[in-house]
Every structure is written in C-alpha cells, then in structure tokens.
Amino acid sequence: MQTSQEHHSSSSLHGLYHQPLQEIDPYCVQHFQIIENNVCPDTGSQGTTVSFQPYPEQPQFFTLDSSPATVGYIDYNSPSATSFLSNRSPFSPQVSQSCLSDQHHSPDNTYGSPASGSSVADNGNEFKHKLREIEISLLGSESGIVDSCHYCPNSGIHKATSVSGCNWNQLVQVNPSLDLRKGLIYCADAISREDLTAAVDWMELLGKQVSVSGEPIQRLGAYMLEGLRARLERSGSSIYKALKCVEPTSSVEPTSSELKSYMTILYQICPYWQFAYKSSNAVIEEVMANEPVIHIIDFQIAQGTQWEHLIHSLARRPGGPPVVRITGVDDSQSFHARGGGLHIVEQRLTKCAESCRVPFQFHNAAMSGCEVERQNLSVQPGEALAVIFPYVLHHMPDESVSTHNHRDRLLRLVKSLSPKVVTIVEQESNTNTSPFFTRFLETLDYYTAMFESIDVARPRNDKQRISAEQHCVARDIVNMIACENAERVERHELLGKWIRRLSMAGFTLYPLSNSVTNTVNDLLKQQFHVNYRLERRDGALYLSWLDRKMATSSAWRC
C-alpha cells in the first residue's frame, strides 16, 4: 500500500529486471570483508569493532539500490552506528505506554493465519538462546558447535558467535531445505543484538535462498533481506527517497505510464484498494441520501476514478442528483503515476459528471496531508461534508516522532469542519512505536500473507507482478525495517488504536450497515480468491487473507 505524504515515485534500480529471470542474483553479500573483529574478553573490553569494505574486484548486486551515495565503511563503535543499530525503541521516552502495550498480541488483534505462520507473539529475547538450535538443525548435534550466546558485561552487548570451524558458504549445501523464515528472523535478531558478524553471515546464507520469482516467502525474503542490509548500511532513507523521486533519474526507473501500470496491476489482483473505495462509497451514499449539496474531501485522490461509480449512482437518485464537490489532496507519487497534476483528475471527473448530468465542482489541494490547513479545503456553508482517509493516516507522524503530531492535528482539524461522516481505511498492522525486532516480526507476518494473496493471482515468473511488487510494495518494507525516527514514514496502527485516537479527537463510531457489508462481499465473491474473508465486528469491517486480518474500514461522525 503505497501512499505517502512525502515525494513519491519509482525506484532507482539496477538493470536487474531487464535480465532473464533465471540470471537474477539479487544478493551478493560476499562484497563485504570483515577487516577488524575485536571480541570482548571476559576481563571486560568495550565491545566489538566490525567494519566493512567492499572488495575492489567484486561487483555489487542489489535487488534495490541500497548502496549509500558514498560507501566507505561502517564503524561499529561510532555513536551514529550504535544509535542506528540500537534495539531499544527510539520513541519509548516520548510515549506513555510501554512497548508491551504495543505488541501484536494485544487485545486489539486476535488472528493467527496458518498460511502465514505468525510468530509475532514470540518474545524477541528468546532468539538469542535459539541460535544454537538452528545451528544444530543445519549441521547436526555432532558438529562441534560452541555455545552461541556470549555476553560482554561491560558493553551490554550479546555476542552470538558463528558455527565453530564452519564455512557459511557451505551451509546451504549441508541443508538445502533451510527454513528461510527462521533464517530471516535470526538475521534480524543478530542485528538487534548488534552482532554484525553473525548478521553478515546470515545475509550471505539467506541471499542464496531468496528469489523475486520464487515462492511468496522467497520473494518477500528478497526485499526483507534488502531492508536488513540497508539498515546495516544506513541507506534505508536513501532507498525510500529514491523510490519517491518526482521524476525518473535513470533509464531503469519506470515512466509515469509504467508506474501507473504497476499500481493498476495491484489494484486488479488484490482487493485492498477496492475494499477501501467500495466501503467508503457505500457509506457516503448511505449517509448523504437526502443531501442536496455533497462535498467530499479525499486525502488520497490518486487517479480519481474511485468517484466515477458514485457520480453515476447519484445521477440516478429519485428527484434528481445533488450538487457534488470534490476536494483532492495530492502527493507526488500520484502526480508521477498520472503524468501530471490534479487538473487531470478534474478533467476526468468533470467529463464523467457532464455525461451523467450531475452538477460538479473540483477543488485542487496539491499538497501532502501534513501541510493541509483549514483554508486549503474550500469548505462552504450549507454543504454536507464527507472526509475519507484511504491508507493515508499512517503516514502522518504522531507524538512518538514529533511534537507537532500531525496525525492527531489532522483529526482535530477535520473534527472542526463538522463533517457528516469520516471514513478511515488502514492496514491492520502494528508498526508505529514498536522497536526494531518486534516491528520486523510484524512486517514479516503481515507481508507473508500479502505475498501469498498476490501469489494466487499471477504466475511466479510474471514480470509485471515482479515489477509491481518491486515498485509498489518493496519500498514500504524497506522503510519499516531500515529506517527510524522521522525517516520512517510507514507507521501502521491497529483498529483499536485508531478507535482511541478518533474518540479522543471527539468522533463517535458510525456502525457500518448490512448494505455496506453486502457491497464489499459482492466485490470479493465476484473478483477475488475464496481465501479473502470479510468480517463485520464492533461496527467496522475487517478484510482478511485466511485468518490474517489485513485491512479495516470504519466510519465516524461528530
């Protein structure tokens, strides 16, 4: 789900996907060389120093362009590196609740998809004790494995040693059926414990198992491994900004029409965006049944085609259609995908309204949600106002990031407009204030289900699907894994937390009706796989893949 309030667009990539699929070698971690490794002795040293240098004769291959603009080495003892790799949540001093209240096994969420194999509820500290178990599973109990968990008392760092006397390049040959999911978890755990030696070893091993044209976990693993490497190299923000550049900067980046095509592919093969638009349209039509003037503020207008169906429906209203006004809030990814500004949306919707003889006006608010103020929204007296937030509020920084807290500010601003209805659609995921390792587990679980749901719709070697995942999904994954503080803009919350936020802003839940539920159910039955499920609970709609809840739609009134 690809929206953002910052400058969006396509990725800056190598010519990787212009090669035949069988030639793709998305990872080459061997280009790193351990040039210093001082392990703290029992007498108590100041920790470990691990630096990386690229072999000059080795080319660098990346699935995404994760290399920083200038790559020399990473000094593990530097303050910036220590801060960057810290497994303590950088937001914890700024929030009142503990990290435990932000875990995925909170009462707000109760799924457990057998297809996804959720392990989010696992305690992160457990993994440092299980590293030896996976080494034994790979090499056998008689392989002379040393105890893998050591502790440097003065540094406070757990040091997980590699398999004694083992060449990590040979591990796949020893056990080609390596559990990729477990390997990703152990790699992330090594990073969270600040053990770069073990992390690079895992990356080298796992890089041989991932594939952008493989099974769902292999495809997801390619991008999650890219995110882990970007975290080590402190290049996650560079990747995210490159993926959101306003215009292409190299020949391998998608043109406007290509990016629009990739987004259209995901729109067609996954119901997540159609779920958002269908449910919001149904609520608005229901609430505005007798209103003569309707003003819709869309905080993610994109192509604007989502309103054509509503315009056609309002044209058939008994007694004549109402006056319809739409205010579109824009972002630069939508700008790039459209190939131009909001005037393109205005022309399309105006033409649609004229063909239906619906009085229509369009207002342009070409800015991010964080920049929106009351005067930008052109609200007029006497109109019935509807506001929709389709997968956009999670991009607004909250109190854990900035004292400005745009997330709650925007909700209070909307409340001051006295809308008749507000609809919110968000991913049912918990990555906002979670520390790195917990967030990694949540991301792995959520996107495992998403890649499984994509897998049933397109062949695994389908190049359009590969490009769609790469340009529209991978950047979000990298951002969640590699970035911290203000650089991390992918910050999802569970419905239970949105309920608390909106209640504190003065809204009350508007329970979705049977009519809205039936509209979305018809969409799923007609166009999508039977593994998608819809549940109406506590007045809101939950869209799931098997038992894994993926998105929620809720409506609110003042």
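The values are calculated or read from the model by the stated rules, or taken from the named source; none is laboratory data. Keep in mind the model is a prediction, meaning the values are calculated, not measured. In this analysis, Cβ positions are derived from the backbone assuming ideal geometry, glycine residues included, and neighbour counts consider all displayed protein chains. Surface accessibility is based on the protein's heavy atoms, side chains included, excluding ligands, DNA and RNA. Shrake-Rupley method; radii C 1.70, N 1.55, O 1.52, S 1.80 Å.
At-a-glance table
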read-out	value
Number of the condition not met by Met504 [criteria: (1) in contact with a helix residue (DSSP H, G or I) (Cβ under 8 Å, 6 or more places away or on another chain); (2) surrounded by 15 or more Cβ atoms within 10 Å (Cβ to Cβ); (3) over 23 Å from Arg458 (Cα atoms)]	(2)
Pairs where the first residue, in region 494-519, is on the phi > 0 side of the Ramachandran plot and the second is part of a helix (DSSP H, G or I) and surrounded by fewer than 21 Cβ atoms within 10 Å (Cβ to Cβ), C-beta under 9 Å, 6+ apart	Gly506/Arg412; Gly506/Lys415
Complete set of residues in region 472-500 that are of a type outside the set (A, V, I, L, M, F, W, C) and within 12 Å of the chain's Cα centre (by Cα)	Arg475, Asp476, Asn479, Arg488, Glu490, Arg491, His492, Glu493
Trp498 in contact with a helix residue (DSSP H, G or I) (Cβ under 7 Å, 6 or more places away or on another chain) and open to solvent by less than 30 Å² (accessible area, probe 1.4 Å)	no
Exclusive hit being open to solvent by 10 Å² or more (accessible area, probe 1.4 Å), under 20 Å from the mean Cα position of the chain (by Cα) and among the acidic types (Asp, Glu), set Asp455, Asp462	Asp455
Odd one out for Thr350 among (1) over 20 Å from Lys260 (Cα atoms); (2) of a type outside the set (Phe, Trp, Tyr); (3) open to solvent by less than 10 Å² (accessible area, probe 1.4 Å); (4) free of Cβ contacts under 8 Å to residues at least 40 places away in the same chain	(3)
Number of positions in region 198-220 that are of a type in the set (Gly, Ala, Ser) and under 19 Å from Gln464 (Cα atoms)	3
Some residue of region 285-296 being in a loop (DSSP other than H, G, I, E, B), at pLDDT below 80 and surrounded by fewer than 20 Cβ atoms within 10 Å (Cβ to Cβ)	no
Identity of the residue in region 200-219, in a helix (DSSP H, G or I), in contact with a Lys or Arg (Cβ under 9 Å, 6 or more places away or on another chain) and open to solvent by less than 10 Å² (accessible area, probe 1.4 Å), that ends up nearest to Val456 (Cα to Cα)	Arg219
Val358, sole failed condition from (1) at pLDDT 95 or above; (2) in a strand (DSSP E or B)	(2)
Boolean, Val516 is over 25 Å from the mean Cα position of the chain (by Cα), buried (at least 19 other Cβ atoms within 10 Å of the Cβ) and not in a loop (DSSP other than H, G, I, E, B)	yes
Per-region count, region 261-280, residues closer than 26 Å to Tyr510 by Cβ, in contact with a Pro (Cβ under 9 Å, 6 or more places away or on another chain) and of a type in the set (Ser, Thr, Tyr)	2
Within region 377-405, considering residues that are among the small types (Gly, Ala, Ser) and assigned to a loop (DSSP other than H, G, I, E, B), the one least open to solvent (accessible area, probe 1.4 Å)	Ser400
Residue list for region 497-513, filter: polar (S, T, N, Q) and assigned to a helix (DSSP H, G or I)	Ser503
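Table: residues versus (1) assigned to a strand (DSSP E or B); (2) open to solvent by less than 10 Å² (accessible area, probe 1.4 Å); (3) in contact with a Leu (Cβ under 7 Å, 6 or more places away or on another chain); (4) within 20 Å of Ala276 (Cα to Cα).
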site	(1), (2), (3), (4)
Glu490	no, yes, no, yes
His529	no, no, no, yes
Ala551	yes, yes, yes, yes
Ser554	yes, yes, yes, yes
